Amino acid sequence: MICVSIGRTRHKMITLEHRALADRGAKLVELRLDWLSRLPDLGRLIDNRPTPVIITCRRREDGGRWRGTEEQRMTILRSAIVSGVDYVDIEEDIAKSVPRYGDTKRIISYHNFEETPPDIEQIHARMCKLDADIIKIVTLANSPGDAAKMLEISKRSDIPTIGFCMGEMGLFSRILCGRFGSPITYATFSRDRELAPGQLSFEEMRDIFRYEEITEDTQIFGVIGDPIGHSLSPLVHNFAFQAAGIDAVYLPLRIPQDTLAKSLDDLDSIGMRGFSVTIPHKQAAADYSQVSSESVRAIGAANTLIRSEVNDWHSENTDYDAALASVLIGINKENPSEASLMGQKVMLLGAGGAARAVALAMVRSGALVTIAGRTHKRAIALADEISCQHCSWENRGAGEPDVLINCTPVGMHPNVDDTPYAEHWLTENMVVFDTVYNPETTLLIKDARAKGCRTVSGIEMFVRQAAQQFEMFTGQPGPLDQMRMTVRRAISPLGDLP
Ligand code: NAP
C-alpha cells in the first residue's frame, strides 16, 4: 500500500490536503505532527478522517521537526493510541514506554539519514523483540547495494517489515519494496513536498511506476547513470509497458562513476532483466557484458544490457541504428529506406559518446565525415579511430556539408539561446540533425528551418533507441508514436507542442 505523508505547519492545511488525497485515491495517509507550528490538536486531525492514518511525531535527531519536550511527544503518541488511530509510528528506543492498546497497530521504526550501517540486520533482529505489528527500517543508501540489502531484510523477515533506502541511490527500493514484502511504501503529496530524501509523489508512485501492480512476476528493468534524476527513460518505458499490457516496471538507478561492475553485482539478488545505460557508464557496460554486439565492439560503448536465459549479460548499442534512421528521415522523410548517405559530406559537431556512435554509423554508410570538436585532440583521436576527417572547432563553418549533425549539448535546456553553428553558415540544401531533444526545437533547428533546411530533432533518435531497447526487453515492437508523445509531453508539459 502507498502511504502519503503530509507535513504542514497548520492543522487546516493538513486536513485540506488529507481530504484532497482521499479524493485523489489515497488509501493511507501519514500525519506528521512534528511539522505543526503549534501543539497538535489530535481531534481536529483524526475525527471524521477520510482515510486511515499513521500518526508520526518525529524528533529532530530522527529527521523530524519536533520542538516540544519528549514527555509532550510521548503523551501525544499515547493519546493517538487511546483515540484509536489506525497506526502509530514509535521509534525503537521508546517502544517499551508507549504500550499497545485497543486496535491501533504499532509501527516500530528506525531511521538513519547518514548510512546503512553494517549491523543493520542485528538492528532489525533487535526490533523484532519490541511487540511490533510492523517494523519500519529506513536508511540512507550510499550505494545501490545498500538498497538491495534493505529489500532482502524485508523479504526474510517474519514480522512485516517496511525496508527501503532514502536518497537517490535508494529510490528504486521505495518502488520495489512491496514486491519484497514491505506492507507499506511512502510517497509525498507532490514532488516539491519531499519530507525525506528521494521520495516520489503519490501520482508518480501509482501512475508511472504502478507500485500496487508490482508482484513477484513483474519483470524489472531500469536505466543506470549518474546523474539520473532528469532521465525521461522511466516515463517512456513505463508508459510503453502499460500501453502494451506488459507486466514490467522500469526504474531509475543512480550508479556512481567507476562503480558499475560492483553495483550490478550487488543488485544481482533483485533479478533485473535489462538496463538502459547512460553517461558515464556506456564504456564500462560494454566491458561488463559477457557478449557484445558488433556495434558495441566497434564503438567501444553500450547503451543497453540484457540478461540472457543463461544469466549472462549481452550488450547492445541502439544509439547507432537510431542515429542512422534519424539522418535517413532527414534525407528522405517519405521514404527513408530509399535514402542514401553514400558520398554525402557530413559535418559532425562534438567528439563525445554520442558522436562516437553517430560518426561510425555515418562512415559505415559511405558518408564523408568531418568531426569538429571543441577539444581538438579529442576530435583527432576519434577521427583517426574511425578513419574520417577532422577540423578545428573554429573552422566548423568553413565547408558546406550536405548533412550537419550536432552531438554536443549546446542549445540544450536551459541554455536554449545557444547554438553550436552560426545561422549564416547554414544553406538551404542542408539536412540538419540536432541530437539535443530538450527542447525539441533548438535554436539550431529554428535557424535551419528558417533557411529552408530539412531538419530532424533529437527526439527521433531518442525514441528510436528507446523503441529498439523495448523490443529487446519484451520481444514486442516499441511503440514509436506513443514514446514520441510521452517525451513531448514531458518536455513541454503545458502542451506547447510544435
Ligand atoms: P559527452 O560524451 O559528454 O560529449 C559531449 C561533447 O560535446 C564533447 O565533445 C564536448 O567537448 C562537446 N561540448 C560540450 N560542451 C560544449 C560547448 N559548450 N561547446 C562545444 N562543444 C561542447 O556527451 P554525449 O553522450 O556525447 O552527449 C552529447 C549530447 O548528445 C547530449 O547533450 C544530448 O543532448 C545528445 N544525445 C542525444 C541522444 C538522443 O537520443 N537524442 C542520445 C545521446 C546523446 P569536449 O570534448 O571539449 O568536452
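Straight-line cross-link reach from K149 at under 17 Å between alpha-carbon atoms covers these lysines, not counting any fewer than eight positions away in the same chain: K136, K262.
Close amide H partners of Q344, meaning residues 5 or more places away or on another chain with modelled amide H under 5 Å apart, are L368.
Placing unit charges on the Cβ atoms of the charged side chains and taking the dipole of region 2-216 about its Cα centre, the candidate lying farthest along the positive direction among Q199, N142, P52 is P52.
From the alpha carbon centroid of region 78-110 to that of region 381-436 is 64 Å.
Listed values for region 18-35 are Karplus-derived 3J(HN,Hα) couplings in whole Hz (6.51 cos²θ - 1.76 cosθ + 1.60, θ = phi - 60°), namely 4, 4, 4, 5, 4, 5, 7, x, 5, 9, 8, 10, 9, 9, 8, 5, 5, 7, and x replaces Gly and Pro.
The smallest convex shape that holds all Cα atoms of the chain, its convex hull, gives 158 Å³ per residue. Taking the Cα atoms only, what angle lies between the long axis of helix 144-156 and the longest principal axis of the chain, rounded to 10 degrees? With both axes taken from Cα atoms, the answer is about 40 degrees. Equivalent ellipsoid of region 215-348: semi-axes from √(5λ) of the C-alpha gyration tensor, largest first, are 29, 19, 14 Å. Computed over protein heavy atoms with a 1.4 Å probe, the accessible surface of region 320-456 works out to 46 Å² per residue. Charge dipole of region 320-456 (Cα centre as origin; +1 on each Lys and Arg Cβ, -1 on each Asp and Glu Cβ, all else neutral): 220 debye, rounded to the nearest 20.
Protein-only accessible surface at a 1.4 angstrom probe places the residues V53, V82 in the order V82, V53, largest first. Across M169, M472, the residue with the most accessible area heads the list, and the full order at a 1.4 Å probe is M472, M169. Restricting to DSSP loop positions (anything but H, G, I, E, B) with no more than 16 other Cβ atoms inside 10 Å of their own Cβ, which GluC sites (Glu not before Pro) remain in region 411-498? Counting only loop positions with at most 16 other Cβ atoms within 10 Å, the GluC sites (Glu not before Pro) in region 411-498 are E428. Ranking D93, D207 from most to least accessible surface, computed with a 1.4 Å probe over the protein chains only, gives D93, D207. Which of rounded, prolate, oblate describes region 313-435, given a ≥ b ≥ c as roots of the alpha-carbon gyration tensor eigenvalues and a/c under 1.5 marking rounded, otherwise prolate only if a/b is larger than b/c? It is rounded, given that a/c, with a ≥ b ≥ c, falls under 1.5. For I184, the accessible area of its heavy atoms, probed at 1.4 Å with every protein chain present, is near 0 square angstrom. Here the chain is treated with +1 on each Lys and Arg Cβ and -1 on each Asp and Glu Cβ, and its dipole about the Cα centre works out to around 1260 debye. Considering only L341, C177, A398, the residue lying farthest towards the positive end of the dipole of the chain is C177, judged by Cα position with unit charges set on Cβ. What the phi angles of region 458-471 give under the Karplus curve with 6.51, -1.76 and 1.60, with θ = phi - 60°, is a coupling list of x, 4, 4, 5, 4, 6, 5, 5, 5, 5, 5, 5, 4, 5 Hz, glycine and proline written as x. Applying a DSSP loop filter and a limit of 15 other Cβ atoms within 10 Å to the trypsin sites (Lys or Arg not before Pro) in region 18-97 leaves R24, K27, R38, R67, K96. For region 41-197, the fraction of alpha-carbon pairs lying more than 23 Å apart is 37 percent, rounded to a whole number.
Between the residues I81, L16, G63, the greatest Cα displacement towards the positive end of the dipole of region 2-216, with unit charges on the Cβ of Lys, Arg, Asp and Glu, is found for L16. Calculated on the alpha-carbon coordinates, the convex hull of region 390-498 measures out at 124 cubic angstrom per residue. The magnitude of the dipole of region 64-179, with charges of +1 and -1 set on the Cβ of Lys/Arg and Asp/Glu and taken from the Cα centre, is near 280 debye.
Here the Karplus curve 6.51 cos²θ - 1.76 cosθ + 1.60, taken at θ = phi - 60°, turns the phi angles of region 86-97 into couplings of 6, 9, 10, 8, 10, 5, 3, 6, 10, 4, 7, 8 Hz, with x standing for Gly and Pro.
For K12, the aspartates and glutamates whose Cα comes closer than 12 Å to its Cα, not counting residues fewer than 8 places off in the same chain, are D41. Under 1.5 on a/c is rounded, so check that first for region 156-263, then, if it is not, pick prolate when a/b is larger than b/c and oblate when it is not; a ≥ b ≥ c are the square roots of the alpha carbon gyration tensor eigenvalues. The shape class here is rounded.
Proximity of backbone amide H atoms, modeled 1.01 Å from N, is registered between V4 and L28, V29, E30, A187 at under 5 Å, excluding neighbours fewer than 5 places apart on the same chain.
The GluC sites (Glu not before Pro) of region 149-237 meeting both criteria, a DSSP state outside H, G, I, E and B (loop) and at most 12 other C-beta atoms within 10 angstrom of the site's C-beta, are E216.
The values are calculated or read from the model by the stated rules, or taken from the named source; none is laboratory data. Since the structure is predicted, the reported quantities are computational estimates derived from the model, not experimental observations. Cβ coordinates were reconstructed from backbone atoms using ideal geometry, including for glycine residues, and neighbour counts include every protein chain displayed. Quick note on the areas: whole protein, heavy atoms, side chains included, nothing else; ligands and nucleic acids left out. Shrake-Rupley method; radii C 1.70, N 1.55, O 1.52, S 1.80 Å.
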